[in-house]
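One structure is given here, and the rest of the page talks about it.
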Amino acid sequence: MAEAALRLEGISHVFHRGTPGEVRALDGVDLSLEAGSFTVVLGTNGSGKSSLLNAVAGSLALTSGRVFLDADDVTDWSEQRRARRISRVFQNPFTGTAADLSVAENLALAAGRAGRRGLRRTLGRERRAAVREQVARLGLGLEDRLDTPIGLLSGGQRQALTLLMATMVKPSLLLLDEHTAALDPRSAEQVIRLTQAAVSRGALTTLMVTHSLGQAVALGDRVLVMHRGRVVHDLGDVRRRRISEADLLQLFDRLRWADRLDSSAAEMLRRAYI
Amino acid sequence: MNLVIGAVTIGFILALLGLGVFLSYRVYHLVDLTADGSFGIGVAVAAALLVHGAPPLVATGAAVAAGALAGAITGFLHTRFQVNPLLAGVLTSTALYSVSLFVMGSGSLSLASSRTLVTQAQRLAAAVGLPETVTLLGTDVQSSSLATLVLMALLAAGFALALARFLGTDLGTAMRAAGNNPQMARAVAIDVEGMVVLGLGVSNGLIGLSGALIAQYQGFANITMGVGAIVTGLANLMVGETLFGKRSIGRWITGAVLGAVVFRLLVAAAIRAGLNADALKLVTAVFVLAVLIVPQWGARLRAPRSAGARAHG
């Protein structure tokens, strides 16, 4: 069997540990992502899906459990060290780019993610041409604005460039953190199209968090549903089995029902005993 | 004329201070109070070594290293222990005051009988056969002071050019990204903490150099020379930004250098016009404050008018 691109072993993260307000954001999650697969994580607010992404990226320290990337134990690696192999597109288009740096400089920094940064000129003629070609492929006309500070571009343009930055050097794993949630519908659609193209071109292993059930069934080979820090549904072969938005909605309704039952049961017990 | 030459020379020396402050204040958005301490330790290390007969280049290099180490310590306190950057700078520069005293062995040292970069430049000028005085715009000027001016201008221009080039390399661009958006920097595998330590090291190395040169220019070292260095650096930078803008790194750095020179000329003119030299730091602080707040007043004055125009239009 081929080694999984990403393997999580019982990862947990507890906020406010040891206090009455203790929250188990991640509660012993086991997960294995096959190389080249596209996995979508769904869940209600506070279900732990963002924590899952942060734990993989290294920006959230684990209370327990281990993280393996291409069979290497990366649990103790810092976020920036993992970023040599894991790339990420954030929800906020302003997060993934350095506003005061030019379009070309941002891209050149991303192109150097796996190597050492020395005293070579960032934008020599060769690199400039390479960056220009990559940007031209987006089809947004940004290749003529390479020297513009990236902060002057629109959110959609910045997110398209962040996506390019995340995929121009093939990562072991691509993390998409609700990366179209802050965009207007047209830009969101455009970014999704670019995502699909980049993922299939590079056969990238992808883990995407989203609120959009439509995106989940359109893009995912596999859909995970999280609830209270656990993976409660793991649906494989999404497209072959023709799982629909309606099916997913039903799953969510059932989760919500279970929740309501829990709280009313708790209320009943409280009234009976206190 | 001699007054002008003196002012321009000091301007070029303090331009290095301006470059250091540019790096911490504009690239990292930190007000790095280490500056006072690293300027002072630059003065102290260079003077102590020169008094003991060290070669001027070695003494100056050691001053740069001492400043760089001070900056790296501040960066380390800030990134590793999450000490507030202002406090980290104050702690380092307060500690450096004592260190400078130990290094100098007393509160002040005279370099009158020591070999320095300045005496070497002047000897070089004499060796190539420059007459004792030359006539410039109708006044007699010591060629030795011209030699000093040329030396300092070359140093300032050289380091400015090097810094501008450096900020365009992979490492320099990574530093700018780390200062501009740490989250983005981490996401493209830049060691943000390391970049802060390195950046403050380079910044304070330049400031240490500035201190070493001022001591050699004036021919003496005093423990209080570093006081207010950060404010002087900010003033240089602000004059430069007003004159040259912030549109590119090149313009910005040119501004940091020439801003220092212009500011020194203004100071010289003010003193000539009767300003008490003791009031210099007060005036500098007020100047920096004014540059910071006047644009806000300007915006406030304009805002109601445009709102009114809209109401009537």
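Using C-alpha pairs below 8 Å separated by at least 6 residues, the relative contact order for the range A:1-105 is 28 percent. Using only side-chain charges placed at the Cβ, +1 for Lys and Arg and -1 for Asp and Glu, the dipole size of chain A relative to its Cα centre rounds to 540 debye. Centre-to-centre separation between the Cα atoms of the range B:10-74 and those of the range A:156-221: 48 Å. Look at the stretch A:121-130: the mean tally of other chain Cβ atoms within 10 Å of its residues' Cβ atoms is 2.
What helices does chain A have that are whole DSSP H segments, at least 24 Å long along their own axis by Cα, and with mean Kyte-Doolittle hydropathy of -1.0 or more? Both cut-offs are met by A:185-202, A:245-273.
Cα centroids of the range B:213-237 and the range A:27-87: 51 Å apart. State whether the range A:103-210 is rounded, prolate or oblate according to the following rule on the C-alpha gyration tensor (a ≥ b ≥ c being the square roots of its eigenvalues): a/c under 1.5 gives rounded; otherwise a/b larger than b/c gives prolate, and the remaining case gives oblate. It comes out oblate by the Cα gyration axes. Other residues whose C-beta falls under 10 angstrom from the C-beta of residue B:178 contribute a net charge of 0, scoring Lys and Arg +1 and Asp and Glu -1.
Per-residue shielding of A:84-93, expressed as the average number of other chain Cβ atoms within 10 Å of the residue Cβ, stands at 2. The amide H of residue B:220, built 1.01 Å from its N in the peptide plane, has B:111 as neighbours under 5 Å, considering only residues 5 or more places off or on other chains. From the square roots a ≥ b ≥ c of the eigenvalues of the alpha-carbon gyration tensor of the range A:38-93, which class results: rounded (a/c under 1.5), prolate (a/b over b/c), or oblate? Note, shape of the range A:38-93 comes out prolate.
What's the FRET efficiency of residue B:248 with residue B:106 using the Cβ-Cβ distance as r and R₀ = 56 Å, to the nearest 0.05? With R0 = 56 Å, the Cβ-Cβ based efficiency is 0.75. Database remark: amide H of residue A:38 closer than 5 angstrom to the amide H of A:206, A:221, A:222 (H placed geometrically; neighbours at sequence offset of 5 or more, or on other chains; Pro and chain starts carry no H). Other residues lying with their Cβ under 13 Å from the Cβ of residue A:75 contribute a combined charge of -1, Lys and Arg counting +1, Asp and Glu -1.
Across all directions, the shadow cast by the convex hull of chain A built on its C-alpha atoms averages 17.4 square nanometres.
First check a/c for chain B, with a ≥ b ≥ c the square roots of the eigenvalues of its C-alpha gyration tensor; if it is under 1.5, answer rounded, and if not, answer prolate when a/b is larger than b/c or oblate otherwise. It comes out oblate by the Cα gyration axes. Calculation over all alpha carbon pairs of the protein assembly as shown in 10 angstrom steps from 0 returns a P(r) of 3, 14, 21, 19, 16, 13, 8, 4, 2, 0, 0 percent.
Near residue A:66: Cβ cut-off under 13 Å, other residues only, Lys/Arg at +1 and Asp/Glu at -1. The net charge is -4. With a 10 Å cut-off around each Cβ of A:149-158, the average count of Cβ atoms from other chains is 1. Peptide packing for A:124-134, A:179-189, A:51-61, A:24-34 was compared via the average number of neighbouring C-beta atoms within 10 Å per residue; ordered from the highest value, the list is A:51-61, A:24-34, A:179-189, A:124-134. Here the peptides B:6-12, B:287-293, B:174-180 are ranked by packing, the mean other Cβ count within 10 Å, and the order with the highest first is B:174-180, B:6-12, B:287-293. Peptides B:55-67, B:114-126, B:239-251 ranked from most to least packed by the mean count of surrounding Cβ atoms within 10 Å: B:55-67, B:114-126, B:239-251. Label separation (residue B:126 vs residue A:186): 7.6 nm, computed from points 7 Å beyond Cα along the C-beta direction. Selection among A:32, A:114, A:51 by position relative to the dipole of chain A gives A:114 as farthest towards the positive end (Cβ unit charges, Cα centre).
The helix-only estimate of mean residue ellipticity at 222 nm for the protein assembly as shown, built from DSSP H runs of length n ≥ 4 each weighted as -39500 (n - 2.57), is -19500 deg cm²/dmol after division by the residue total. Full extension of the chain between residue B:296 and residue B:81 yields a length gain of 73.9 nm, computed as 0.36 nm times the residue separation minus the alpha carbon distance. When only the Cβ of Lys, Arg, Asp and Glu is charged (+1, +1, -1, -1), the dipole of chain B relative to its Cα centre reaches about 920 debye. Of all DSSP beta bridges confined to the protein assembly as shown, the antiparallel ones make up roughly 60%. The calculated pair-distance distribution of the range A:14-145 uses every alpha carbon pair, bins of 5 angstrom beginning at 0, and gives 2, 8, 14, 17, 17, 13, 12, 9, 5, 3, 1, 0 percent.
Only the coordinates and a few stated rules stand behind these numbers; no lab work does. Being a predicted model, the structure only gives us computed values, none of them experimental. We place every Cβ from the backbone using ideal geometry, glycine too, and count neighbours over all the protein chains shown.
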